[in-house]
Amino acid sequence: RSIVVGVRSSVFLPFQRLGLVIIDEEHETSFKQQEPAPRYHGRNAALVLARQCGARTLLGTATPSLESYRNARVEKYGLVTLKSRYGDVQLPEVEVVDIAELRRKRLMRGPYSPQLIARIRETLERRQQVILFQNRRGYAPMMECHVCGWVPRCTRCDVSLTVHRSQHALTCHYCGATYPVPSVCPNCQSHELRARGIGTERVEDDLSRLFPEARVARMDLDTTRSRVGYEQLLHDFQRGVTDILVGTQMVTKGLDFQHVSLVGILDAGTMLSMPDFRSHERAFQMMSQVAGRAGRRNIRGRVVLQTTDPGQPVIRQVVQHDYEGMYSTQLSERQLFFFPPFCRLVYVYLKHRDEQVLERLSADASSLMRRVFGERVLGPDTPSVARVNQMHVRNLLLKVELEASMAAVRQRLRQLQAHLLSQPAYRSAQFYYDVD
C-alpha cells in the first residue's frame, strides 16, 4: 500500500519506503500515551521516524502547540499558513455570557443562560443544528449529602465517584470500579442525597425537557465505546436525524457538518482550573477547536461562550481568534518561570501500596537527585489524586536546560532508580517518568 491512515501506534509499522508523514491536529494531547506503557508521544516519535527514513513531516493544526509553533518561528520547522477558511467563510462570531452575573440575578436555568436558550431556539427554528460542549461525562461529577456533606469516594482511589444515571451506578473514572447508588447517607442516615455538578448525561436530559421537539444525542466515552455506536452517532448527525449534539472534547476533533450554525460552551472556567502550566494554552485550543465546528459552509456560525470570569485573557483571545496573542503572552510567561519550550521537564513518579514507605522513598529519592542535579529538582510533591488503584503516588520534578544531554540525564535517573529498588524496603515500589 502507498498510503497508510492510522492512529499513534502506526509509527511502529515496518515501513520500507516512507516518504511523507502527515500528523493531523498535531497539538492533540491524545498523541501522548502515558498509561499503559510503552510511554511515548506519537508526534515526536513520528518526527524521529521520518528523520531516520529521510522522509518529510507535515504537522497540521489550526491551534499549534507552543513548542511546535516556536520551532517554526525560529526556522527549525518550515511554516505555511492558511489565512482563510474553505469557501472563504468567516470565522464564527463569539458571544461571551457572564453566567456569574446571571446567577446573581437568578436568571440562569441550571447551567443554561437565557442567551444560550434563545440562540438554540432560533437555530432549531431555522432547521440548523447545534453542538453543546461540556467536558465532563456522566450525569454529575459527584454526589453529596445535603445534610452532613458526605461525598461517596472510590475505595481504591482518592477521588469522588461520578454519577451515571443511565447505568444506575457510581463510577470511578480512574480505576473503572462501579458502586451502587446509595438511597441513604451512611454517615447521617439522611435521604437528602443530591447530584452536584453537570455532566453530558444531565445536559442531554435537560435539553430533552427544554426542547421536546428536538432530537438530542450525546457523544462521549460512554456512548462511543463501540465503533458501531460512534459511526451511528456521526451518521445520524450528518443526515440531520439529530438536532442537538452534546459532547465532551470528542466533539472538538475535526467534525465537519454543513448544517451546524451554533456551538455552545457551557462553562469555559472549568478548563482553566487545572493545576497545569499548559491550562491556558489547552483551554484556548479546545475552545477554538469546538468553535470551529460552527458555520463551516455558506453561513457564518455563532458561538455562545458561557463563563464566570469574562475578563480572563484567554476569553478575549478566543473571541478575537487571536492565536498569536495567546502564543506571545504564554511564551513570555513560560520563559519567566522556566518552563517548556525553554527547558525540558522530567516528572519522576513513585508508587507504593504503603504510604509511609512511599514517604521515606520519596524523601530518599529527592535527596539522591539533589546530589546529582542540585536546584533543578523540585519536590517531592503529593499530586491532586494521591492514590490510584490502591497505589499511593508521589512525584518529583526535574527541570533540565535545553543544552544538557537528555541521554545522560536518563542514565543517571536509571542508576538512582536501580540503587533505590535494590534496597529491601523499596523493592516493591514502582518508578515511571513523564517527559515534558
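The values are calculated or read from the model by the stated rules, or taken from the named source; none is laboratory data. This one's a predicted model, so the numbers in the text were calculated from it and none came from an experiment. Neighbour counts are summed over all protein chains in view; Cβ atoms, including those assigned to glycine, are modelled from backbone coordinates with ideal geometry. With ligands, DNA and RNA removed, areas are computed over all heavy atoms of the protein, side chains included. Shrake-Rupley method; radii C 1.70, N 1.55, O 1.52, S 1.80 Å.
Is it the case, given these coordinates, that residue 37 is assigned to a helix (DSSP H, G or I) and of a type outside the set (Ser, Thr, Tyr)?
Considered against the rule, which asks whether it is assigned to a helix (DSSP H, G or I) and of a type outside the set (Ser, Thr, Tyr), residue 37 comes out as no.
For residue 229, the criteria (1) farther than 24 Å from residue 115 by Cα; (2) part of a loop (DSSP other than H, G, I, E, B); (3) at pLDDT below 80; (4) not hydrophobic (A, V, I, L, M, F, W, C) hold in every case but one, which is (2). Residue-level check: of (1) loosely packed, with under 14 Cβ neighbours inside 10 Å; (2) of a type outside the set (Asp, Glu); (3) over 17 Å from the mean Cα position of the chain (by Cα); (4) under 20 Å from residue 280 (Cβ atoms), residue 29 misses just (3). Six or more apart or on different chains, Cβ atoms under 7 Å: show the pairs whose first residue is in region 247-271 and closer than 18 Å to residue 200 by Cα and whose second is of a type in the set (Ser, Thr, Tyr) and open to solvent by less than 10 Å² (accessible area, probe 1.4 Å). Filtered contacts from region 247-271: 247/200; 248/200; 262/123; 267/307; 268/307; 269/307. Screening residue 250 against (1) exposed (fewer than 14 other Cβ atoms within 10 Å of the Cβ); (2) under 30 Å from residue 329 (Cα atoms) leaves a single unmet condition, (1).
The residues of region 194-209 that are of a type outside the set (D, E, K, R) and open to solvent by 40 Å² or more (accessible area, probe 1.4 Å) amount to a single one, 208.
The single condition among (1) open to solvent by less than 60 Å² (accessible area, probe 1.4 Å); (2) more than 19 Å from the chain's Cα centre (by Cα) that residue 15 does not meet is (1). If you go through region 392-423 and pick out every residue that is open to solvent by 50 Å² or more (accessible area, probe 1.4 Å) and either without any contact (Cβ under 8 Å) to a residue 60 or more places away in the chain or closer than 30 Å to residue 153 by Cβ (or both), you end up with 13. Restricting attention to region 129-144 and to residues that are surrounded by fewer than 21 Cβ atoms within 10 Å (Cβ to Cβ) and touching a Leu at 6+ places or on another chain (Cβ under 8 Å), the residue that is farthest from residue 257 (Cα to Cα) turns out to be 144. When region 371-391 is filtered for residues that are loosely packed, with under 15 Cβ neighbours inside 10 Å and over 27 Å from the mean Cα position of the chain (by Cα), the ones remaining, listed by number, are 371, 372, 374, 375. For residue 286, the criteria (1) assigned to a helix (DSSP H, G or I); (2) open to solvent by less than 30 Å² (accessible area, probe 1.4 Å); (3) not basic (Lys, Arg) hold in every case but one, which is (2). Residues that are in contact with a helix residue (DSSP H, G or I) (Cβ under 8 Å, 6 or more places away or on another chain) and under 30 Å from residue 115 (Cα atoms) number at least 1 in the following helices (runs of 4 or more DSSP H) confined to region 304-399: 313-319, 323-337. Sort out which residues of region 128-185 are among the aromatic types (Phe, Trp, Tyr) and within 22 Å of the chain's Cα centre (by Cα), and write them in order of number. 133, 139, 174, listed by residue number.
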